[in-house]
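Every number in this text was worked out from the coordinates using simple rules, so none of it is lab data. Because the structure is predicted, anything quoted here is derived from the model rather than measured. Positions of Cβ are generated from backbone atoms using ideal geometry, with glycine treated the same way; all protein chains shown enter the neighbour counts.
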Amino acid sequence: MSFKNVIFICLFSLSTIYSTSLLEQLGIDERELTSFNSKDDLGLIAYINKKGLYKISSRPQLPEYILSTDGHFKIHYTTTGQDSVSIDDKDNNGIPDYIDEVSRTAERAYRLLIDTLGFEPPPIDGVDGDEIDIYVRNLKGNYYGITWPENAVTSTKREYDYTSYLEIDNDYSETAYNTKGIDALHVTISHEFFHMVQLGYNWYQSNNVDQTNGDTFFLEWCSVWFEERAYPEANDYLNYLGQFFYFPYKSVWDNSYSYSLGIFLRYVFDLYGEKIIKEIWDKIGENKYAMDAFNEIMSGYNTNMAELWNGFFYKIYYSNNKYDPDRSLCADAKFFPPLNYSFVGNFFNRDTICIGKRVNRYATLPVLLTFNDRCIIQITDISKNFELTIFGYLIDRYLKDDIFGVIGNSRYFPLGWFGSHDTLAFFITNTSLDSSISVSFNALAIPEGVEISSEITKIYPNPLFTDDSRLSIELFSDNSYDKVSVNLFDILGRKVYSRYIEKDIELGINIIDIDISEFTKINLSSGVYIVHVKLGENNIYKKVTFLR
């Protein structure tokens, strides 16, 4: 067999990953590693390949082994020497308890990933039997685990699929480990086993977004997501969130985010189901880059990476001291770091704040404004680049429902009244894979007396299908109203639906939701309709398409 000589190492900083002996074995001068980021361990893969340093460590030689309970794994270990595991054997089955736990953990990961989520098992290596090999060694706190790609698979049409084997630590007791003991064992095996599975699909070390490490970012997202999915009580992933929360303005695929964005996948799967991850990997197995595979699958759900990345920021807004059990991503969000906004401003009435920033490819610029006085805010596009972005906003209203939305291509967009306890967040996402863009805009406090008009700013989804849950009408209101109705007219002008809105409409952005059952119970036929919202004596209109 031919060798694809690469190294796949997970979870840790270069300052702690490599022992001197391993660096020497690879022929690497430690001084040359200073250009890598503190967590950029996968960046070393491309470095090794570019340098032609194709030395691969041979498999460990350990004298004892067991087969796991369901026979999928061969677990190699020793009870003597520096790699020895504890000989504790509380169940008196002749096998160290630690090795029993390795067996149970590996089989649990297998059942969840292969049997439940439907992934293909790792390619059979044909070395010392067909089982998946796990070697238990003393890794001395240098790294939690290593998945070693070994031989290229020649029996498939996949371009970059490999057999592999796994090394894990013999006790996870060293102080260098953030998570220790059995919890560390659980998350490491889960994380690394998914890497072994991924290597049976495809692993691109270069791709169409000019990243040195190719698709490695996506492999890590998936493995971090899976370790939390398999063992949610361990929470090892919390140790790595700071790289994103403290520096949230980088491209989504940035190497420093590799271990931080398992939570992004959780956000996506919460919306569309866990089946998405297998669908994406099937596309990767068809020789597609991860970003292309992701967007191709999500296009079937009428969305894409840029839209989801923008929406993700709404969700993580409710983290740390803004934790809200009804809005936050998960219960762990109370432990997430605070989001470091690129710009934070405090607004007084009649202020104008001018914000100008460059936004990286597929990156989001987070901006936060707070208010000292009651005022009306209007956003003005100075750079005329709004059409190149998803300009999302979140209005966190004191003692009232929060409002979410997207500013369209209009150069002037009024957002309405803000009080002294309200907060306004902007999440501005560059939708380009090819280039960064400059975004400049003014947030202007409109003086009282300036005329503004009501309008329906957006209707979504549009078209509306019977399997959608609701129709949402986003409108800007020029005043507060307590008499509001929504009507639906067909193209002949006949009223086919009418409803009075029970909640008050306030000056600014409002959202009216209508459950899809309201339309199905009147047997609404497919076609184009006019949505009419009556605000007091004011009438505003917008088209919507309904498809059965």
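Quick rundown of the values:
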{"read-out": "Which listed pairs, of 74/157; 157/288; 315/400; 90/140, have C-alpha distances above 23 Å, in listed order", "value": "74/157; 90/140"}
{"read-out": "Sorted by Cβ density within 10 Å, fewest first, the residues 251, 480", "value": "480, 251"}
{"read-out": "By average C-beta atoms within 10 angstrom, highest first, the peptides 87-95, 167-175, 219-227", "value": "219-227, 167-175, 87-95"}
{"read-out": "Rg over Rh, two decimals, the range 455-547 (C-alpha only, Kirkwood Rh)", "value": "0.94"}
{"read-out": "The range 204-337: Rg to Rh, with Rh as the Kirkwood radius over Cα pairs", "value": "0.95"}
{"read-out": "Cα-based convex hull volume of the chain per residue, rounded to whole Å³", "value": "178 Å³"}
{"read-out": "Dipole moment magnitude, nearest 20 debye, the range 58-203 about Cα centre, only Lys, Arg, Asp, Glu C-beta charged", "value": "340 debye"}
{"read-out": "Selection from 540, 418, 287, by position along the positive dipole direction of the chain (Cβ)", "value": "540"}
{"read-out": "Prolate/oblate/rounded label for the range 399-516 (Cα gyration tensor, a/c 1.5)", "value": "oblate"}
{"read-out": "The range 222-279 pair-distance distribution - Cα-Cα, 5 Å bins, rounded %", "value": "4, 19, 28, 24, 18, 7, 0"}
{"read-out": "Order of 423, 79 under a 10 Å beta carbon neighbour criterion, fewest first", "value": "79, 423"}
{"read-out": "By average C-beta atoms within 10 angstrom, highest first, the peptides 529-538, 270-279", "value": "529-538, 270-279"}
{"read-out": "Given charges at Cβ of Lys, Arg, Asp, Glu: the chain dipole, positive-most of 242, 191, 522", "value": "522"}
{"read-out": "Dipole-positive endmost among 469, 511, 487 within the range 453-518 (Cβ charges, Cα centre)", "value": "487"}
{"read-out": "Helix-only [θ]222 nm of the chain, DSSP H runs n ≥ 4, -39500 (n - 2.57) each, per residue, nearest 500", "value": "-6500 deg cm²/dmol"}
{"read-out": "More than 25 angstrom apart: percent of Cα pairs within the range 58-203", "value": "25 percent"}
